[in-house]
Amino acid sequence: MSRLIIVSNRLPFSLDTSGDKPVIRQSSGGLVSALQSYFERSKQSAGKFKSKQWIGSANFSQEEWNAYSSTLSGEDFSIQPIFVDEHEYSDYYNGFSNSTIWPLFHYFSSLTEYQSEYYDAYKSVNELFAREIAAVVQPGDVVWIHDYQLMLLPMLLRQQAPEITIGFFLHIPFPSYELYRLLPASWRKNLLLGILGADLIGFHTYDYVSHFIQSVKMILRIDNHYNTIQFNNRLIKTELFPIGIDFEKFRDAVKNSKVKEISSDLRKVYGDKKIIFSVDRLDYTKGLNYRLKGFEQFLTRYPEWREKVIFILNIIPSRDAIPTYGERKKMIEENISMINGKFSTLHWQPLIYRYNHLAFEDLCALYQTAEVALITPLRDGMNLVAKEYVAASNNGGVLILSELAGAAAELNEALLLTPTDTDQMAEYLATALEMPLAEQKSRMKTMQGRLQEYDVVVWVNDFLDQLEEIKNEQRRAKAKLLDNATTEKIHRHYQGAKKRCFLLDYDGTLSPYTKLPSEAAPGKQVLQCLKNLSADPKNEVVIISGRDSQTLDKWLSHLPIHFVSEHGVFIKHKNGKWETQTKVSPEWKDKIRPMFQSYVTRCAGSLIEEKANTLSWHYRNTQPDLGFVRSRELLNNLLQLTSNTPIQVIDGNKVIEVRLSGMDKGITGLKLSTHFNADFMICIGDDTTDEDMFKALHNKAYTIRVGSETTAADYSLSSQEEVIPFLENLMQEQPSRKKRWLF
Ligand code: GDG
């Protein structure tokens, strides 16, 4: 059984040594609440980890740790503190984390600071974390790294422990590429590379996943395949895991006698006035000034509600060392005073303002008592308060929620608004206060069902299960990489065979991809290798390609080899003539061509390649993102157009091909295998179209896929450059063990 190591910037508690006895305080915040609940619940079940450890920076000294460590390490998990130099910590935390990444990732580009000393400190602290974790990590451990303060860490750790399982979760939004690219070039590149050190990368919403993938594509020029990315011969998965809450804890708080007592006190104090409330950390992302403006507009537009409503605004102190936070606080407090001054009567004050932490019971009592929760961040990764309010509701209540909070994706039954639209906010406040109880309850019930189903324990388990699954997938892919022993086995078989057959794809296998298909003429090395292979009378060499016959003739017809063009539509045997394998007339192309032409116009750099029985639309040479989007559209249109016809559509490597069905490399490969009846057969390819051949020749040939995509082939070679050395090695009497293709 492995160990689970949680890594976050701060440990989940702080140590207060100001009194007679040291007091441990659990930190408030989304991650801590989430994992704490998971740990508590997995105490009852055996769990899949032998032990759990939490690593993070300490807010206490080494001496204090030595003195109190036995008290601090809880029974749920052990603690490994990291001691960071105070000045460096400030540049890393207040500086790069909270004055660069935080504002930029929350779309506050004007508040973003770009200071290289901040970045240097961020890098240095991430390196310190990597060293400390590498010193304790053991094979089989699962390391789960959290959040924007540690984005360089996954790769730094992987460099020191290459086989380790690493998950990374970002709790804040990942911004759109247009925002992300505002970071200086080397920072934006290094942060992405840092995250790509993880095996599984989690985000709260689909938008954040796609923004991340787009930045990887645009900045690192690395392609994705749906939500997976191949990088450094490693399959990496990006996925959405909307963080859940401890649903039962908040639902059951209703039964807690302390909560009941506070709730009834609140009712006594406020009588039949309706309560609107909000709880947020002090932060410019929370939209507090717009919220106050919305409330002011509500009191102005709906005077009938004056004296019948109060707004309890609770702000949790946060990041006071950063000047922007202090300035905001002043502004918020001025606005609160202004509203209270403007609307208060001798026996009523519209706003109750608190700037302090709340005890759990107070928080739950507010959740239960308030008729309306007004949660309107300008951006928020998720926002757990919104979810907790819904979970704690047992008798209606209305959630007004910003559509720019990640939680809005799951809480459709809330009143969703644009947080800057103060008119709409005023209107929604009136709507919420007047909403019939039955409707309130019905909306709450639907949302509660959803939150209960994907609660925090399911969230943690889902992430950890998928992390395990991606690791298994990596192992399966790795198991296919040709190793010395298999290569030697293939070599022995080759040497002892009487008749051998080679089915070799051309583009991406024998020859690298080029910007334009016409530029991929064979180099000297390829020609020499094919010449050597075909010079042996025992060998039959077949180039099996999607290319047209003319190009294959032009480049290779001087060699004594066989050709298959257009994936099997034409075959030409050694010294023979091209023979067509189909009788269907190619008129179908007239229906497809105009559609292709419209995509060439709409996607600069793309081009049509027309062959006798195939039409291809190539987008390798286009702006990557646009090319991909257009290719998905085209694929969709073509699939509709060609359903119930003898035409098939193939989603190839930066190309969409339309051709006759029944003419694929699998059918052709089988035909050739019968024709040659060889006792040694090998087939190598790199593309989707080669998969047909791998499947058809399973158990008949050594099937090898170039690249690390998931494949039906028996083996794989990690790159195109390894193909020619591999073939040449077969022809040597003594195979070399040290060639580049041997792993
Ligand atoms: C990030 C993202 C994302 C807060 N004040 C008190 C208190 N809390 C508890 C709440 C809730 C949690 O802390 C706050 O959760 P948030 O979702 O607002 O976010 P953060 O931790 O600031 O940060 C955020 C989250 O990570 C999770 O991924 O949702 O978008 O920014 O659980 O109940 N609890 C008590 N007293 C308080 O004064 N008892």
Check the range 276-290 and report whether any residue there is closer than 18 Å to Ile172 by Cβ and assigned to a strand (DSSP E or B). yes
Output the residue which, of all residues in the range 356-366 that are more than 8 Å from the ligand (Cβ to nearest atom) and of a type outside the set (D, E, K, R), is farthest from Tyr270 (Cα to Cα). Cys364
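Here is a check on your reading of the model: is Ser42 modelled with pLDDT under 90, more than 16 Å from the ligand (Cβ to nearest atom), in a strand (DSSP E or B) and over 19 Å from Leu15 (Cβ atoms)? Working first, answer last.
Working: modelled with pLDDT under 90: yes; more than 16 Å from the ligand (Cβ to nearest atom): yes; in a strand (DSSP E or B): no; over 19 Å from Leu15 (Cβ atoms): yes.
In short, no.
Would a scan of the range 126-147 turn up a residue that is free of Cβ contacts under 8 Å to residues at least 60 places away in the same chain and over 18 Å from Ile5 (Cα atoms)?
Step one: filter the range 126-147 for residues free of Cβ contacts under 8 Å to residues at least 60 places away in the same chain, giving 127-128, 130-131, 134-135, 139.
Checking which are over 18 Å from Ile5 (Cα atoms) leaves us with none.
No; the residues of the range 126-147 include none that is free of Cβ contacts under 8 Å to residues at least 60 places away in the same chain and over 18 Å from Ile5 (Cα atoms).
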Would it be correct to say that Asn461 is surrounded by fewer than 20 Cβ atoms within 10 Å (Cβ to Cβ) and closer than 25 Å to Leu170 by Cα? yes
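Pick out the one residue from Thr418, Thr369 that is among the β-branched types (Val, Ile, Thr), away from the ligand (no atom under 14 Å from the Cβ) and in contact with a Ser or Thr (Cβ under 7 Å, 6 or more places away or on another chain). Steps first, answer last, please.
Working: Thr418 fails: in contact with a Ser or Thr (Cβ under 7 Å, 6 or more places away or on another chain).
The unique qualifying residue is Thr369.
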Every residue from the range 214-242 that is touching a strand residue (DSSP E or B) at 6+ places or on another chain (Cβ under 8 Å) and within 16 Å of the ligand (Cβ to nearest atom): Glu239, Leu240, Phe241
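Identify the residue in the range 543-564 that is of a type in the set (Val, Ile, Thr) and buried (at least 23 other Cβ atoms within 10 Å of the Cβ) and, among all such residues, is farthest from Leu615 (Cα to Cα).
Quick first cut of the range 543-564, residues of a type in the set (Val, Ile, Thr) only: 543-544, 551, 561, 564.
If we keep only those that are buried (at least 23 other Cβ atoms within 10 Å of the Cβ) too, we end up with 543-544, 564.
Working: Ile543: 20, Ile544: 17, Val564: 17 Å.
Checking each candidate, the answer is Ile543.
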Residues in the range 13-39 that are within 14 Å of the ligand (Cβ to nearest atom) and at pLDDT below 75: how many? 5
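Do the conditions hold for Ile101, that is, is it under 21 Å from Leu31 (Cα atoms), within 16 Å of the ligand (Cβ to nearest atom), in a helix (DSSP H, G or I) and aliphatic (A, V, I, L, M)?
On the way: under 21 Å from Leu31 (Cα atoms): yes; within 16 Å of the ligand (Cβ to nearest atom): yes; in a helix (DSSP H, G or I): yes; aliphatic (A, V, I, L, M): yes.
Against the criterion (under 21 Å from Leu31 (Cα atoms), within 16 Å of the ligand (Cβ to nearest atom), in a helix (DSSP H, G or I) and aliphatic (A, V, I, L, M)), Ile101 qualifies.
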Determine the pairs where a residue that is closer than 14 Å to Phe311 by Cα, located within the range 254-282, has a partner that is in a helix (DSSP H, G or I) and away from the ligand (no atom under 16 Å from the Cβ) with Cβ atoms under 7 Å apart, the partner being 6 or more residues away or on another chain. Lys274/Leu433; Ile276/Leu429
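What strands (runs of 3 or more DSSP E) completely inside the range 349-430 contain at least 2 residues that are free of Cβ contacts under 8 Å to residues at least 60 places away in the same chain? Outline the logic, then answer.
On the way: elements: 351-355, 372-375, 398-402, 415-417.
Passing ranges, in order: 351-355, 398-402, 415-417.
Looking only at the range 246-285, filter to residues that are among the polar types (S, T, N, Q) and away from the ligand (no atom under 12 Å from the Cβ); which one of those is surrounded by the fewest Cβ atoms within 10 Å (Cβ to Cβ)?
First pass over the range 246-285, keeping only residues among the polar types (S, T, N, Q): 256-257, 263-264, 278, 285.
From what is left, the residues that are away from the ligand (no atom under 12 Å from the Cβ) are 256-257, 263-264.
On the way: Asn256: 17, Ser257: 8, Ser263: 22, Ser264: 12.
Restricting to residues being among the polar types (S, T, N, Q) and away from the ligand (no atom under 12 Å from the Cβ), the top hit is Ser257.
Find the helices (runs of 4 or more DSSP H) located wholly in the range 630-743 whose residues include 1 or more that are closer than 30 Å to Trp588 by Cα, and list them.
Working: elements: 665-676, 688-696, 723-731.
Passing ranges, in order: 665-676, 688-696.
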Would you confirm whether any residue within the range 330-351 is within 13 Å of the ligand (Cβ to nearest atom) and under 39 Å from the mean Cα position of the chain (by Cα)? no
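The values are calculated or read from the model by the stated rules, or taken from the named source; none is laboratory data. Only a predicted model underlies this, so the values are computations on that prediction, with no experimental measurement involved. Note that we place each Cβ from the backbone using ideal geometry, even for glycine, and neighbour counts take in every protein chain shown.
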